[in-house]
Amino acid sequence: MTAPAKSQVPLRVAGQLGLQSVSAGVLHTCGIAGSGITYCWGWNRDGELGDASTTDRLAPAAVVGSSGFVRVSAGGGHTCAVSGGGASCWGFNLSGQLGDSSTVTRTTPTPVTSGSNLVVIATGGAYTCGVRSDSSAVCWGFGSYGQLGTGDRQDRRSPTPVMGGLKFLTVSTGAFHTCGLAADSTAFCWGLNDHGQLGDSIADTTRPAAVHGGIKFAMITVGSLHSCGLTSAGAAYCWGDNELGQLGDSLELQTGIPNAVTGGKTFLRLSAGGSHTCGISSDSTAWCWGSDVNGQLGGPPTHTCVTAGVSGPCSPIPQQVQGGYTFSTISAGAQHTCAITTDQTTYYWGLNSLTHAPLKRMSIGLPSLLLLCSCVSYRELGTLTPARGSEVVVTVAQPLAIPLEEVTVREVNVASGRVTFADADSLVLAVQQFSSISGAHYPGLGTQITIERGRIATLRQRKVAPARTALLLGLGAGALVAIVTSVGPLLGSGPNGPPEPPPQP
């Protein structure tokens, strides 16, 4: 039987292997079995499943040489794990997110440089962070938004100390921001802060900043544009973007101060995903809230959220996952959720992109489409920097030769970031959305594209609420040449945030 493209109810993961832990990433998932072997499944165009191939897997596949892993974390286009002997990573590595001092993509686990004493690891969109046995935090990979906490915005190819000398119990990574729980249970965050996801009133920061409110947390978890914490008493708090209800509070659009999740439930575990959040309550039932465009809440939505003129299903208050299951652990990914029951059965709900028929590889007709543009240097001729909350719309006079099935692209939108006129008299921008000549809209996957100036009919900036349609950057070269051509409303179509800037001159 073919698995559905998406499911609003929990479905069993194929080939049950008695998983003890699970980690949901953007387009793939990994878990560790009681036997000690690590398994991954889903998207594998850049080797993020670690099975020595680039073949997508509908069922769990064993990671090569993984028998000793005790923790695993699935990110954008890469995966990392720790064992008693150190840390290893595999998958996409353009920004150094594997931490092996290179930018070479790996299809099997590769040791992290100086990673022998890492005991905690967390993979973000295109970067990774960890905690050493001495409780110091380190990060590596893509760092343009300060998410590495190294005091600058530089990429790092190997573990680099987080500034401030704080001692951490754990860290959690998102698209462009990171949070950690200090030894005294104080939460600190760093990186992008355009929606208050750092939990303070400051702007973006390249070093840890204490979350406002003075709440002591026992657990912290980071989503795309929001963060959440759980107290030792089981009280859940969230802060950051709330356009899709991911904070569990229907009264806020966003907040930079931790807000209690509506409902007063006591939680044992909490996990922040792309635009949704899930938790396991004290009675071991699972509850989710936020965007439900692909069924990632595991139950019928209660509301319709509207942002940037687009509407979609959501639940701004916790809703119980259907099925009556009792769970021991849960992990919220970009647009799907995975959880393990108390009898060690693994379930998923939400987007199941590998069997999502409309997910197609993009046929690249323009040689100027830049999948590895961060490696290329340009001579900058002029720059337009959109204001926050604005959208740049480029309309082309001649259709672009980028067929999406039978679609010819006419317009390209970018909700934030920078567009640059560069060499060859062209426009370089990070694509978040295509519009076809028929008026249909298609979300992109963080792709950077160039358009010859002669094809540009208009270039304008308009004030709108940013359309949050891009999946996490760092999906890898394989994922960057894919387009989701039919996912219903664009609302909540994945983790989001500003695209990676064009290359610097």
Check: With Rg and the Kirkwood Rh both taken from Cα atoms, where does Rg over Rh land for the stretch 1-103?
Finding: 0.97
Checklist line | Calculated FRET efficiency for the pair LEU58/SER284, C-beta based, R₀ 22 Å, to 0.05 | finding: 0.15
Item checked: Packing-based ranking, highest mean first, of 65-78, 105-118 given that Cβ atoms within 10 Å are counted -> 65-78, 105-118
Check: Amide H to amide H, which residues 5 or more places from MET219 or on other chains are under 5 Å from it, using H placed in the peptide plane?
Finding: LEU230
Next item on the list: When a/c is below 1.5 the answer is rounded, else prolate if a/b is larger than b/c, else oblate, so apply that to the stretch 153-198 with a ≥ b ≥ c taken from the square roots of the Cα gyration tensor eigenvalues.
Entry: oblate
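Would you rank ILE37, ILE330, ILE202 by solvent-accessible area, highest first, keeping every protein chain in place and using a 1.4 Å probe?
Numbers: ILE37 55, ILE330 15, ILE202 75 Å².
The ordering from most to least exposed comes out as ILE202, ILE37, ILE330.
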Item checked: Percent of Cα-Cα distances greater than 20 Å, calculated over the stretch 277-354 -> 28
Check: Which cross-chain or sequence-distant (5 or more) residues have an amide H under 5 Å from the amide H of ALA235, H modelled 1.01 Å from N in plane?
Finding: PHE267
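Which order do the peptides 151-160, 335-344 come out in when sorted by mean C-beta neighbours inside 10 angstrom, highest first?
Numbers: 151-160: 18.5, 335-344: 21.6.
Those peptides, ordered most packed to least, come out 335-344, 151-160.
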Item checked: Fraction in percent of alpha-carbon pairs per bin - 10 Å, the stretch 132-243 -> 17, 51, 29, 3
Notebook entry, point to check: Points 7 angstrom from Cα along the Cβ direction at ARG12 and SER232: gap in nanometres?
Noted result: 4.0
Item checked: For peptides 229-239, 12-22, sequence by mean Cβ density within 10 Å, most packed first -> 229-239, 12-22
Item checked: Calculated SAXS-style log₁₀ I(q)/I(0) at q = 0.17 Å⁻¹ - the stretch 36-87, Debye, Cα scatterers -> -0.45
Next item on the list: Compute the distribution of all C-alpha to C-alpha distances in the stretch 28-169, in bins of 5 Å from 0, and list the percent of pairs in each, rounded to whole numbers.
Entry: 2, 12, 22, 24, 20, 11, 6, 2, 0
Next item on the list: Before anything else, pin down the relative contact order of the stretch 67-178: Cα pairs under 8 Å, at least 6 apart, normalised by residue count, whole percent.
Entry: 23
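Using only the heavy atoms of the protein chains and a 1.4 Å probe, how would TRP140, TRP287 rank by accessible area, largest first? Intermediate values should be presented prior to the final figure.
Working: TRP140 0, TRP287 40 Å².
So the residues, ranked largest to smallest area, are TRP287, TRP140.
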Checklist line | Sequence-distant residues sharing a close amide H with THR107 (under 5 Å, placed H) | finding: GLY91
Next item on the list: Can you pull the one-decimal nm distance between simple spin-label points at THR345 and SER328, each 7 Å off the Cα toward Cβ?
Entry: 1.5
Next item on the list: Go ahead and run the numbers for FRET between SER185 and GLN320, Cβ-Cβ distance against an R0 of 45 Å, rounding to 0.05.
Entry: 0.95
Check: Relative contact order for the stretch 90-247: what is it in percent, counting Cα pairs under 8 Å that are at least 6 residues apart?
Finding: 16
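The values are calculated or read from the model by the stated rules, or taken from the named source; none is laboratory data. If you're wondering where the values come from, they're calculated on a predicted model, not measured in any experiment. All Cβ positions, glycine included, derive from the backbone under ideal geometry; neighbour counts span all protein chains shown. With ligands, DNA and RNA removed, areas are computed over all heavy atoms of the protein, side chains included. Shrake-Rupley method; radii C 1.70, N 1.55, O 1.52, S 1.80 Å.
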